[in-house]
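Bear in mind that the values in this text are calculations on the coordinates, not laboratory data. Being a predicted model, the structure only gives us computed values, none of them experimental. Note: ideal-geometry Cβ built from the backbone for every residue, glycine included; neighbour counts use all protein chains shown.
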Amino acid sequence: MFESPFAMREKAFAAIQVIIDELVVETGARGILVIDRVGQLLSRTEKMEEFDTTSLASLAAGCVAATGGLARLLGEKDFPSHFHQGESGSLYINRVDERGILIVFFDRDSSLGLVRLRARKGSAALAHVFKESQKENEAKSSPEHSAFANITDEEIDNLFSD
Amino acid sequence: MSFINYAAREINCKIVYYGPGLCGKTTNLQYVYAKTNPDLKGKMISLATETERTLFFDFLPLALGEIRGFKTRFHLYTVPGQVFYDASRKLILKGVDGAVFVADSQPAREEANIESLENLQTNLVEHGLELSDLPWVMQYNKRDMPDAMPVEEMRKLLNPTGVPDFAACATSGEGVFETLKGVAKGVLSNLRKMGI
């Protein structure tokens, strides 16, 4: 069965932004990303704009997938959170639910304990937004709300015109 | 699993290049990267060994243009082709929206092509998918090799259901963009079919 697309609308994005903007202040982190399990960037805090967030999202999703694979080989369901420590900056990665991943980038102005504590609360809030977003999408999954149902072959071909 | 961002009016899709070791999956992405306008592409990431064999994946984000006011973005991934990296291949297929199977035209790689195609089918099943559910295209790569098998023979062997197929030489770029266009069209047509 083909997996249905993961769609998010304005209300959900606004809610995610509020959560991560608060979280970045509460943790004293340098920045926060929210991505999906496939590696698509959903949202980021302002200071993350200086980084290549597209690549970060893809690599973090690969990292989460690989860590999950390790867990299953060892008889665990998953390792839902992991931590990468650098000389000055560190990453804390936490699985939000089946679809989302929260990434906190922090340095010596913060601490792992604080990040872990606040990230747990933030992840729960994000999971709630994802759930509500899914409900909204299911309610709007009729042809009149569809963006692509009526696209023509010509429109698809036009994407490839040089 | 494509991601539709209604706030930014963007649609993101994942395409995976699959195939046996050394068939030219990474070379396809390198050619696309080299020939794409810098405004339309992100950085190409290659997680490779010291001998430039793919260890986990290559990744290249591409923007194609707008359709009905939505920016279309494609994330291209390759899998590691070597047999013993099967666990990694399974992970990379997660959320795939479309696939390119890159077959090696050399007769010595005939068996490796078949094994890899069967491996793709097996690994898709782990994600609850059949190959027939997925928009995918076949690329017969390395057409420049002097002993390349005839395309018709490869088609019979690897593409009995007649998905769109393309002859290619990824090192010179012949057939590379045609293949990409073929799979991207399949992915967008599938979204249309799903009524997204």
Filter pass, A:Arg118 being closer than 25 Å to A:Thr53 by Cα, basic (Lys, Arg), touching a residue at least 60 places away in the same chain (Cβ under 8 Å) and within 14 Å of chain B (Cβ to nearest Cβ): no
Which pairs have Cβ atoms under 6 Å, sit 6 or more apart or on different chains, and link a residue in region A:31-53 that is within 14 Å of B:Ser2 (Cβ to Cβ) to one that is part of a loop (DSSP other than H, G, I, E, B)? A:Asp36/A:Arg99; A:Arg37/A:Arg99; A:Val38/B:Met1; A:Val38/B:Gly95
Region B:1-106: strands (runs of 3 or more DSSP E) wholly inside it with 3 or more residues that are in contact with a helix residue (DSSP H, G or I) (Cβ under 9 Å, 6 or more places away or on another chain) are B:10-18, B:45-48, B:54-67, B:70-78, B:98-104
Filter region B:63-76 down to the residues that are facing another protein chain (nearest Cβ under 8 Å) and under 26 Å from B:Gly19 (Cα atoms), then identify the one that is surrounded by the fewest Cβ atoms within 10 Å (Cβ to Cβ). B:Leu64
If you go through B:Lys181, B:Lys142, B:Lys185, the only one that is out of contact with any Leu (no Cβ under 7 Å at 6 or more places or on another chain), within 14 Å of chain A (Cβ to nearest Cβ) and surrounded by 19 or more Cβ atoms within 10 Å (Cβ to Cβ) is B:Lys185
Which strands (runs of 3 or more DSSP E) sit wholly inside region A:1-64 and have at least 2 residues that are among the charged types (D, E, K, R)? none
Can you spot a residue in region B:87-105 that is more than 15 Å from the chain's Cα centre (by Cα), in contact (Cβ under 8 Å) with a residue 24 or more places away in the chain, buried (at least 19 other Cβ atoms within 10 Å of the Cβ) and more than 11 Å from chain A (Cβ to nearest Cβ)? yes
